[in-house]
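Trainee: My structure is below; once you've seen it, I'll send some questions.
Just so it is clear, none of the values below were taken in a lab; they were calculated from the coordinates. Worth saying up front: this structure is predicted, and the values here are computed from it rather than measured. As a convention, Cβ positions derive from the backbone with ideal geometry for all residues, glycine included, and neighbour counts pool all protein chains shown.
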Amino acid sequence: MNTLPGWLEAGAGESRFRTMLSPDSPYSLEQLAAASRAMTMRRFGRTMTLYAPLYLSNHCPSGCAYCGFASDRKTPRRRLEQDELKRELAAMKSLGISDVLLLTGERTKAADFDYLRRSVETAASLMQRVSVEAFPMSTAEYRDLAGAGCTGITIYQETYDQARYAELHRWGPKKNFLERLDTPARALEGGIKTVGLGVLLGLADPQEDALMLFRHIRHLGKTWWRAGLSVSFPRIRPQTGGYQPAFPLDDHQLARMIFAFRIALPDVELVLSTRESPGFRDGMAGLGITRMSIASRTTVGGYTEPDNHEKGQFDIFDDRSAESFCRALREKQLEPVFKNWEHAYNGPSTETRKAT
Amino acid sequence: MDSLQLGSYTFSSRLILGTGKFSSTTVMLDAVKASGSQLVTVALRRFNREQPGDDLFSPLASIPGITLMPNTSGASTAAEAVQAARIARELSGSPFIKVEIHPNPQHLMPDPIETYEASKILAKEGFMVMPYIPADPVLAKRLEEAGCASVMPLGSAIGSGQGLATAEMLDIIIRESTIPVIVDAGIRSPSEAGLAMEMGCAAVLVNSAVAVSGNPPLMAEAFAEAVGAGRKAFRAGIMEKSGIAAATSPLTSFLGSGT
Amino acid sequence: MHEMPQKITIQVNGEPHTLFSGSSVNDLLADIGSDGKTVATLINNRIVRPEHRRNCRLENGDHVEILIFAGGG
């Protein structure tokens with residue numbers, strides 16, 4: 001087993017976070033919800049920034065036990081060519097989306113760095129903001145990607161439990177736990193402006209994972225103090241009949257976790273995807289979550305081929321249209337924000353020095 | 001052993017004492033001894049043959065375990081502070097320098113821009129730079145990047161005894177900093193020093209509050225105890241305030257009754 | 001008849017001070033009653049380290065600063 005970096009060890013200033021998260025916490029869920037809502041209002045106002053994922057490719061050499069794109073799945077493999085990508089982006093734009101997250105599997109010949117960089121360029125020419133959730137890259141590659149117009153990277157550790165990590169990542173490049181752990185730092189070093197972290201809830205002890213994730217965020221925030229940071233809360237739902245989580249997390253536990261992150265990290269963007277139900281998403285809007293995906297397709301080409309019945313990377317629960325989702329937000333007196341970013345600001349961060 | 005680590009220097013005391021404003025050198029020396037301070041600030045002044053008692057080097061050096069931290073007071077620009085630091089190092093034999101630059105002698109507010117410039121230069125020259133700064137979190141991070149050994153934000157205006165008026169900002173600086181944060185200036189009473197330590201400050205620098213008290217050695221001892229107590233409390237982990245208020249109408253009813 | 005030793009005038013800590021020509025920094029320190037151990041010396045803003053004081057000759061019009069550590073916060 002590899003040695004973990006020092007910053008993943010217990011540190012000062014986390015006792016409150018631990019206390020809020022604990023199942024025998026002295027804080028009731030209602031108390032946390034009230035504090036979390038107040039903090040969210042103060043820091044983010046009555047707004048919700050919206051984005052949508054766009055799957056560039058589902059080629060993948062990895063054998064992640066929980067993933068619909070693992071290399072032993074029967075799913076047909078394809079990648080979008082640049083003209084197809086433009087059509088997908090146009091379809092997304094017609095839904096009002098101008099903030100896109102481009103996704104691929106782990107690095108393959110079909111979807112390698114050059115392909116990704118070209119795709120970022122294409123997307124950046126049409127969208128206000130382009131972020132990427134793909135494979136770990138080198139600092140130089142991240143610099144290149146930032147130059148092509150990528151402003152954000154999402155990279156989930158999935159779990160910080162090394163034993164579970166080793167079990168779940170059966171083969172492929174993602175097996176390297178420490179390399180993945182170091183990836184957000186490389187992205188920031190390379191001039192990527194925002195980094196999103198997360199654990200895939202259900203894979204391991206959620207409280208332990210949340211605590212490690214908290215430490216990871218704090219470490220990045222102190223070291224790359226100019227960076228924008230976000231935390232996502234992807235959860236495996238047993239109900240969908242797919243991969244069965246060993247550590248299922250119910251709505252109450254997930255809500256508690258989101259509130260704890262909001263209260264402990266007032267400035268960090270908290271993200272919730274369409275994996276979650278309309279009821280849960282509407283309820284959490286304004287209470288702590290500040291960024292949501294909408295009208296999502298998790299198949300390659302999903303925006304231009306809506307009748308395609310292929311299996312996506314994960315099952316979507318909230319399949320409302322952008323319009324009806326925005327209506328729900330407005331009913332809660334929240335302003336849907338499609339453009340929270342000016343295209344002119346795209347480009348690598350000029351200050352990538354880190355604090356020592 | 002919980003100690004204050006500054007570069008290769010280790011101090012068991014987290015109270016840094018200033019030596020100005022005392023009624024006499026004797027009283028000051030008694031206060032330094034009573035405080036247990038191991039890092040003591042001094043200022044450069046012109047030699048005056050009429051006042052041989054002004055020279056504190058020998059009396060301070062005779063106290064075992066004392067490291068001198070000269071300041072650059074009197075400097076109103078980065079260039080002056082850099083020159084003062086170089087001179088001070090000749091005398092002190094210690095790499096510590098408290099960078100203190102105030103362009104206006106009336107209120108003695110630190111100039112953030114000149115302080116940053118001077119600190120950058122001095123850190124490159126191998127000084128242990130300890131800049132006295134406004135409680136500005138971004139400035140603190142910039143100084144950290146510039147290679148400072150610590151940052152010393154003010155609790156409130158120097159000599160004002162207004163305590164931790166900048167608590168909100170100090171809290172951010174402490175949370176975000178990877179170098180020791182030392183509250184300098186504004187502290188009036190031991191409880192305020194203790195509070196700063198409970199917040200997570202690495203040390204506290206006190207001068208006026210001790211020097212102008214009715215009994216400086218006794219006050220120095222009180223500060224030492226408060227700083228020690230605050231530090232212990234911080235390390236132990238302070239109990240959360242109870243009762244985050246709950247909303248009057250339920251916010252989480254959408255979750256159903258749960259499992 | 002022998003020559004009168006020449007005198008020079010320098011500024012010491014902002015005050016005029018008269019010395020014999022050819023005096024060193026150490027001579028000046030002795031003249032003003034300092035053993036030189038706890039002072040820093042500068043001539044025209046340049047630091048003169050203790051080991052150089054003996055050979056450092058003062059010239060007419062030099063600005064000399066002699067500094068000590070005094071109380072300060």
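Trainee: Among the listed pairs A:Lys93/A:Lys339; A:Lys93/A:Lys332; A:Lys193/A:Lys332; A:Lys109/A:Lys175; A:Lys222/A:Lys339, give every one whose C-alpha distance is greater than 22 Å. Write down the numbers at each step before the final one.
Mentor: Numbers: A:Lys93/A:Lys339 12 Å; A:Lys93/A:Lys332 25 Å; A:Lys193/A:Lys332 31 Å; A:Lys109/A:Lys175 19 Å; A:Lys222/A:Lys339 28 Å.
Listed pairs above 22 Å: A:Lys93/A:Lys332; A:Lys193/A:Lys332; A:Lys222/A:Lys339.
Trainee: Tell me what the protein assembly as shown gives for mean residue ellipticity at 222 nm when only DSSP H runs of n ≥ 4 count, each as -39,500 (n - 2.57), the sum divided by the residue total, rounded to 500 deg cm²/dmol. Can you show the working numbers first?
Mentor: Values: 22 runs with 233 residues, N = 688.
One gets -10000 deg cm²/dmol as the mean residue ellipticity at 222 nm.
Trainee: Then there is this: Let's see if you can work this out: charge +1 on each Lys and Arg Cβ, -1 on each Asp and Glu Cβ, no other charges. What is the dipole magnitude of the stretch B:13-236 about its Cα centre, in debye to the nearest 20? Provide the component values of the computation, followed by the final result.
Mentor: On the way: 18 positive and 22 negative charges, 75 e Å.
Charge dipole of the stretch B:13-236: 360 debye, to the nearest 20.
Trainee: Going by amide H atoms built from the backbone, whose H comes under 5 Å of the H on B:Gly20, apart from near neighbours?
Mentor: For B:Gly20, whose amide H was placed from the backbone, the distant partners under 5 Å are C:Gly72, C:Gly73.
Trainee: Turning to a different aspect of this structure: Hey, got the average number of other protein chain Cβ atoms within 10 angstrom for residues in B:43-56?
Mentor: Across B:43-56, the average partner-chain Cβ count within 10 Å equals 6.
Trainee: Moving to a separate point now. Name the residues of the stretch A:22-49 whose amide N is less than 16 Å from a point 7 angstrom out from the Cα of B:Arg175 along the C-beta direction?
Mentor: Label zone hits: A:35-45.
Trainee: Among B:Gln106, B:Leu39, B:Ser249, pick out the residue whose Cα is farthest towards the positive end of the charge dipole of chain B, where Lys and Arg carry +1 and Asp and Glu carry -1 on C-beta, about the Cα centre.
Mentor: Highest projection toward the positive end goes to B:Leu39.
Trainee: Return the distance in nm (one decimal) between the two label points of a simple spin-label model at A:Arg46 and B:Thr248, each offset 7 Å from Cα along Cα→Cβ.
Mentor: Distance between label points: 1.9 nm.
Trainee: Using the basic label-point model (7 angstrom from Cα toward the beta carbon), what is the A:Ala90 to C:Ile47 distance in nanometres?
Mentor: Each label point lies 7 Å from its Cα, and together they span 7.1 nm.
Trainee: When the label point is put 7 Å from the Cα of C:His17 along its Cα-to-beta-carbon vector, which residues of the stretch B:33-70 have a backbone N closer than 13 Å?
Mentor: In the stretch B:33-70, the label zone of C:His17 (backbone N under 13 Å from the point 7 Å along Cα→Cβ) covers B:46-50.
Trainee: Please return the longest range in chain B lying between exposed loop sites, taking trypsin sites (Lys or Arg not before Pro), DSSP loop only, at most 11 other beta-carbon atoms within 10 Å, and leaving the sites out.
Mentor: Details: sites that count: B:Arg49, B:Lys241.
Looking at chain B, B:50-240 is the longest stretch - no exposed trypsin sites (Lys or Arg not before Pro) with at most 11 other Cβ atoms within 10 Å.
Trainee: Charges at C-beta only: +1 for Lys and Arg, -1 for Asp and Glu. How large is the resulting dipole of the protein assembly as shown about its Cα centre, in Debye rounded to 20? It would help to have the intermediate numbers written out before the result.
Mentor: On the way: 73 positive and 76 negative charges, 210 e Å.
In debye, rounded to 20, the protein assembly as shown gives about 1000.
Trainee: If I require 27 Å or longer along the helix axis, counting alpha carbons, and a Kyte-Doolittle average no lower than -0.5, what helices from chain B are left? Use full DSSP H segments.
Mentor: Details: long enough: B:216-236 (30 Å, 0.20).
Helices passing the filter in chain B: B:216-236.
Trainee: What's the FRET efficiency of A:Ser125 with C:His63 using the Cβ-Cβ distance as r and R₀ = 51 Å, to the nearest 0.05? Please list the in-between numbers first.
Mentor: Working: r = 65 Å, r/R0 = 1.28.
Step by step, r from the Cβ atoms, then E = 0.20.
Trainee: Longest segment of chain C with no trypsin sites (Lys or Arg not before Pro) in a DSSP loop having at most 15 other Cβ atoms within 10 Å? Display every interim value, and only then the final one.
Mentor: Details: sites that count: C:Lys37, C:Arg54.
That would be C:1-36.
Trainee: Could I ask something else about it? If you add up the charges near B:Ser76, with Lys and Arg at +1 and Asp and Glu at -1, over every other residue whose beta carbon is less than 9 angstrom from its beta carbon, what do you get? Numbers along the way, then the final one.
Mentor: Values: positive: none; negative: B:Glu80, B:Asp111, B:Glu114.
Net local charge, B:Ser76 excluded: -3.
Trainee: So if we plug the beta-carbon distance of A:Lys339 and A:Ala140 into 1/(1 + (r/R0)^6) with R0 = 25 Å, what FRET efficiency do we get, rounded to 0.05?
Mentor: Working: r = 30 Å, r/R0 = 1.21.
For R0 = 25 Å, the calculated efficiency reads 0.25.
Trainee: About its Cα centre, what dipole magnitude does the stretch B:34-113 give when the only charges are +1 on Lys and Arg Cβ and -1 on Asp and Glu Cβ, stated in debye to the nearest 20? Don't skip to the answer; put the middle values down first.
Mentor: Details: 6 positive and 7 negative charges, 24 e Å.
In debye, rounded to 20, the stretch B:34-113 gives about 120.
Trainee: Can I ask one more? Using only Cα atoms, what Kirkwood radius does chain B have, in angstroms?
Mentor: Details: mean 1/r = 0.0524 Å⁻¹.
It works out to 19.1 Å.
Trainee: Per-residue Cβ counts within 10 Å, from other chains only, averaged over A:22-31: what number is that?
Mentor: Details: counts 0, 0, 0, 1, 4, 5, 4, 6, 10, 7.
Across A:22-31, the average partner-chain Cβ count within 10 Å equals 4.
Trainee: Enumerate cysteines in chain A without a disulfide-compatible partner, where compatibility requires another Cys Cβ under 4.7 angstrom.
Mentor: For chain A, the answer is A:Cys60, A:Cys150, A:Cys326, because their Cβ atoms have no other cysteine Cβ under 4.7 Å.
Trainee: Take every residue in peptide B:197-208, count the Cβ atoms of other chains within 10 Å of its Cβ, and give the average of those counts. Don't skip to the end; give the middle numbers.
Mentor: Details: counts 0, 0, 0, 2, 0, 0, 0, 0, 1, 1, 3, 1.
Rounded to a whole number, the mean comes out at 1.
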